[in-house]
Amino acid sequence: MATPHIDAAPGDFAPDILMPGDPRRATRIAETVLEDARLVTEVRGILGYTGTFDGRPVSVLASGMGVPSISIYATELFREFGAQRIVRIGTAGGMAPHLQVGDVVIASAAHTDSGLSANRVPGVHYSHAPSFSLLAAAATAAGAGKRDASGRARAKDSGSRAQAAGSGASGTTIATVTKGSSGAAGTEPTPSRRRRRGKTSKAYVGPVFTSDAFYADRPQTMEALVAHGTLAVEMEAAGLYATADAEGGQALAICTISDLLFSDASLSAAERELLFDRSVAYGLAAFAAG
């Protein structure tokens, strides 16, 4: 049945749902990744689609920005529409100095200053963590934590359509996940879908900081978070993880680094729309592994 924020019928959503923040990104995923995608909701301009990928039903629904927004949509999906697993496909600001624009961060935990989480369990500092099975599958797909001959962490080429090829020391072409593309190691994606990142583009697993404030000048806070191993800052992961815990679902956040706190490097608005291919690939690989 329809909810205040999702105008869909029972069965309209698949158990596995990709969740970008931007409705336009949801449309792009539906058009370029899913087969036979159909629009199932568009309340308040938040677009949702359901189709298939490699024969498996998959949905995509935008979340909007911030913990309150993603918490609303995730709650309704888990509670009313039979969602079992949600993977956030988003962007984040790189905090750790080794990150570069275009890198991917798979969030193994989410610190937050959100008031929602501060009062979630009275007297307890709640830990925001993803589903281990989704995290492990996405990390495996990304090759995160693997070491090259020099001992440096690298991303690895994939052997599956649902696993993008990272770019290691040789600057490998990143295979995009699109209709009809194989994405297997050693094969080229369709030329019109081809992307190339710099030689240092990698995937990392680690904690992120979910902030309630987009514009905030808090250098000491950020430095302390980096000193405690935090990789990136974004605005939704903690809300998604807590909602999944509360509703008995599974969740994961995978973010592309769109800008850096320690330099002026950043992706343009157009690039942010396009360079989420690997995040989608790792999310789909996590679904397939389950």
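A quick yes/no check of all residues on (1) buried (at least 17 other Cβ atoms within 10 Å of the Cβ); (2) among the small types (G, A, S); (3) within 17 Å of E236 (Cβ to Cβ):
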| position | (1), (2), (3) |
| --- | --- |
| R79 | no, no, no |
| G82 | no, yes, no |
| T91 | yes, no, yes |
| M95 | yes, no, yes |
| V101 | yes, no, no |
| D113 | no, no, yes |
| F132 | no, no, no |
| A137 | yes, yes, no |
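Filtering region 56-75 to residues that are surrounded by fewer than 24 Cβ atoms within 10 Å (Cβ to Cβ) and assigned to a helix (DSSP H, G or I) leaves P68, S69, S71, I72, T75. Of all residues in region 13-34, none satisfies being closer than 19 Å to A237 by Cα, out of contact with any strand residue (DSSP E or B) (no Cβ under 9 Å at 6 or more places or on another chain), surrounded by fewer than 21 Cβ atoms within 10 Å (Cβ to Cβ) and polar (S, T, N, Q). With respect to the conditions (1) part of a strand (DSSP E or B); (2) modelled with pLDDT under 95, D217 falls short on a single one, namely (1). Just one of (1) farther than 20 Å from T256 by Cα; (2) not acidic (D, E); (3) not in a loop (DSSP other than H, G, I, E, B) trips up G123, so point out which. With (1) farther than 20 Å from T256 by Cα; (2) not acidic (D, E); (3) not in a loop (DSSP other than H, G, I, E, B) applied to G123, the lone miss is (3). Is it the case that A285 is over 18 Å from R28 (Cβ atoms), in contact with a Ser or Thr (Cβ under 8 Å, 6 or more places away or on another chain) and modelled with pLDDT of 95 or more? It is true that A285 is over 18 Å from R28 (Cβ atoms), in contact with a Ser or Thr (Cβ under 8 Å, 6 or more places away or on another chain) and modelled with pLDDT of 95 or more.
Just to check your reading of the model, which residue among A141, A109 is over 14 Å from A281 (Cα atoms), modelled with pLDDT of 95 or more, not in a loop (DSSP other than H, G, I, E, B) and not charged (D, E, K, R)? Sole residue among the options that is over 14 Å from A281 (Cα atoms), modelled with pLDDT of 95 or more, not in a loop (DSSP other than H, G, I, E, B) and not charged (D, E, K, R): A109. Scanning region 241-265 for residues that are surrounded by 24 or more Cβ atoms within 10 Å (Cβ to Cβ), assigned to a helix (DSSP H, G or I) and not small (G, A, S) yields Y241, T243.
Could you check, for region 37-50, whether at least one of its residues is on the phi < 0 side of the Ramachandran plot and part of a helix (DSSP H, G or I)? Yes: region 37-50 contains one or more residues that are on the phi < 0 side of the Ramachandran plot and part of a helix (DSSP H, G or I). Of all residues in region 205-240, those that are basic (K, R) and buried (at least 24 other Cβ atoms within 10 Å of the Cβ) total 0.
The values are calculated or read from the model by the stated rules, or taken from the named source; none is laboratory data. Predicted model only: the values in this text are computed from it and were never measured. Reconstructed Cβ throughout: ideal geometry from the backbone, glycine too, with neighbour counts over all protein chains shown.
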